[in-house]
Amino acid sequence: MDYIHDLRKVIGPRKIILNAATVLIIKDDKILFQRRADNGKWGLIGGLVEMNETYEQAALREAREETGLKVKLDSFLGIFHNHNMVWSNGDAAHVISAMFTASIISGEPRIDEESYELRFFGIDEIPELFAEDHIASLKAYSQGVRYPLLCENTYQERN
């Protein structure tokens, strides 16, 4: 995230394009959601892609950081847009998100500083979500959209 912090020092809160990776972690036909600490609202697990990182690597990293879970990416849902994301500090962006489904390899869900709560919900009991890309990806998921993964599917620790 140093890249984005450095960029924000130069341009301030002005709207920019950012890339993100998001993962629908599935267990027993339920999806793991995060109630975010920055806005108190529900969303999927994910975050911004870092410099020299692929979407797949970012999805696996974010899952580990935000939930403590080691996951395996199962499928690609597509690219979804949040055209008007504004963070609590006023930073604005058009976020382009690569969305994946994943299954748990190991670990138990635990919150980090970005979360108030983690909870699994069935597709028919999903809470109100804050991000239009999350809403669109869940619609695609519920309609059965799944594409094969095209890249290596391993979590690699970065130096």
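Select, from ILE135, ILE126, ILE104, the only residue that is out of contact with any Asp or Glu (no Cβ under 6 Å at 6 or more places or on another chain) and in a strand (DSSP E or B).
Working: ILE135 fails: in a strand (DSSP E or B); ILE126 fails: in a strand (DSSP E or B).
Selected residue: ILE104, the only one of ILE135, ILE126, ILE104 that is out of contact with any Asp or Glu (no Cβ under 6 Å at 6 or more places or on another chain) and in a strand (DSSP E or B).
What number of residues within the stretch 40-53 are of a type in the set (Gly, Ala, Ser) and surrounded by fewer than 16 Cβ atoms within 10 Å (Cβ to Cβ)?
Restricting attention to the stretch 40-53, the residues satisfying the condition of being of a type in the set (Gly, Ala, Ser) are 40, 43, 46-47.
Those left that are additionally surrounded by fewer than 16 Cβ atoms within 10 Å (Cβ to Cβ): 40.
Of the residues in the stretch 40-53, 1 are of a type in the set (Gly, Ala, Ser) and surrounded by fewer than 16 Cβ atoms within 10 Å (Cβ to Cβ).
Can you tell me which residue in the stretch 124-133 is surrounded by the most Cβ atoms within 10 Å (Cβ to Cβ), limited to those that are of a type in the set (Asp, Glu) and over 16 Å from ILE26 (Cβ atoms)?
First, pick out the residues of the stretch 124-133 that are of a type in the set (Asp, Glu): 124-125, 128, 132-133.
Those still in the list that are over 16 Å from ILE26 (Cβ atoms) too: 128, 132-133.
On the way: GLU128: 7, GLU132: 16, ASP133: 24.
Among those residues, the one meeting the criterion is ASP133.
Take the residues of the stretch 13-39 that are more than 27 Å from LYS72 (Cβ to Cβ) and in a strand (DSSP E or B): which is least open to solvent (accessible area, probe 1.4 Å)?
So, considering only residues that are more than 27 Å from LYS72 (Cβ to Cβ) and in a strand (DSSP E or B), the one least open to solvent (accessible area, probe 1.4 Å) is ILE16.
Please identify the pairs in which a residue from the stretch 120-136 that is over 20 Å from ARG110 (Cα atoms) has its Cβ atom under 7 Å from the Cβ atom of a residue that is part of a loop (DSSP other than H, G, I, E, B) and among the hydrophobic types (A, V, I, L, M, F, W, C), counting only partners at least 6 apart or on another chain.
Within 7 Å, the pairs are HIS134/LEU44.
Being surrounded by fewer than 19 Cβ atoms within 10 Å (Cβ to Cβ), assigned to a strand (DSSP E or B) and either in contact with an Asp or Glu (Cβ under 9 Å, 6 or more places away or on another chain) or among the acidic types (Asp, Glu) (or both) is the filter here, so list the residues in the stretch 65-74 that pass it.
Here is the first cut: in the stretch 65-74, the residues surrounded by fewer than 19 Cβ atoms within 10 Å (Cβ to Cβ) are 65, 68, 70, 72, 74.
After this cut, where a residue has to be assigned to a strand (DSSP E or B) as well, the list is 70, 72, 74.
Scanning the stretch 65-74 gives a single hit, ASP74.
Does the stretch 112-123 contain at least one residue that is assigned to a loop (DSSP other than H, G, I, E, B), open to solvent by 30 Å² or more (accessible area, probe 1.4 Å) and under 25 Å from GLN143 (Cα atoms)? Step through it out loud before you land on a result.
Within the stretch 112-123, the first condition is being assigned to a loop (DSSP other than H, G, I, E, B), and the residues that meet it are 112-114, 123.
Keeping just the survivors that are open to solvent by 30 Å² or more (accessible area, probe 1.4 Å) gives 113-114, 123.
Narrowing further to those that are under 25 Å from GLN143 (Cα atoms): 123.
Taking every residue of the stretch 112-123 in turn, at least one turns out to be assigned to a loop (DSSP other than H, G, I, E, B), open to solvent by 30 Å² or more (accessible area, probe 1.4 Å) and under 25 Å from GLN143 (Cα atoms).
Restricting the first residue to the stretch 2-22 and requiring it to be modelled with pLDDT of 90 or more, which pairs with a second residue that is assigned to a helix (DSSP H, G or I) and not hydrophobic (A, V, I, L, M, F, W, C) meet a Cβ separation below 6 Å and a spacing of at least six or different chains?
Listed pairs, sorted by first residue: ALA21/TYR55.
Provide a single number: the residues in the stretch 85-101 that are farther than 18 Å from GLU114 by Cβ and in a strand (DSSP E or B). Step through it out loud before you land on a result.
Taking the stretch 85-101 and keeping what is farther than 18 Å from GLU114 by Cβ, we get 90, 92, 94, 96, 98-101.
Those left that are additionally in a strand (DSSP E or B): 92, 94, 96, 98-101.
Within the stretch 85-101, residues that are farther than 18 Å from GLU114 by Cβ and in a strand (DSSP E or B) number 7.
A quick yes/no check of all residues on (1) within 19 Å of PHE130 (Cβ to Cβ); (2) β-branched (Val, Ile, Thr); (3) out of contact with any Asp or Glu (no Cβ under 8 Å at 6 or more places or on another chain):
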| site | (1), (2), (3) |
| --- | --- |
| GLN34 | yes, no, no |
| ALA37 | yes, no, no |
| LYS41 | yes, no, no |
| VAL49 | no, yes, yes |
| TYR55 | no, no, yes |
| PHE76 | no, no, yes |
| GLY90 | yes, no, yes |
| ALA93 | yes, no, yes |
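Test VAL71 against the stated conditions and say whether it is in contact with a helix residue (DSSP H, G or I) (Cβ under 8 Å, 6 or more places away or on another chain), aliphatic (A, V, I, L, M) and more than 14 Å from HIS134 (Cα to Cα).
On the way: in contact with a helix residue (DSSP H, G or I) (Cβ under 8 Å, 6 or more places away or on another chain): yes; aliphatic (A, V, I, L, M): yes; more than 14 Å from HIS134 (Cα to Cα): yes.
For VAL71, the condition - in contact with a helix residue (DSSP H, G or I) (Cβ under 8 Å, 6 or more places away or on another chain), aliphatic (A, V, I, L, M) and more than 14 Å from HIS134 (Cα to Cα) - is met.
Output yes when any residue across the stretch 49-64 is on the phi < 0 side of the Ramachandran plot and part of a strand (DSSP E or B), and no when none is. Write out each step before concluding.
Pass one, the stretch 49-64, residues on the phi < 0 side of the Ramachandran plot: 49-51, 53-64.
Applying the additional criterion that residues be part of a strand (DSSP E or B) yields none.
No, there is no match, as no residue in the stretch 49-64 is on the phi < 0 side of the Ramachandran plot and part of a strand (DSSP E or B).
The values are calculated or read from the model by the stated rules, or taken from the named source; none is laboratory data. Being a predicted model, the structure only gives us computed values, none of them experimental. Quick reminder, even Gly has a Cβ in these numbers, built from the backbone with ideal geometry, and neighbours come from all protein chains shown. Quick note on the areas: whole protein, heavy atoms, side chains included, nothing else; ligands and nucleic acids left out. Shrake-Rupley method; radii C 1.70, N 1.55, O 1.52, S 1.80 Å.
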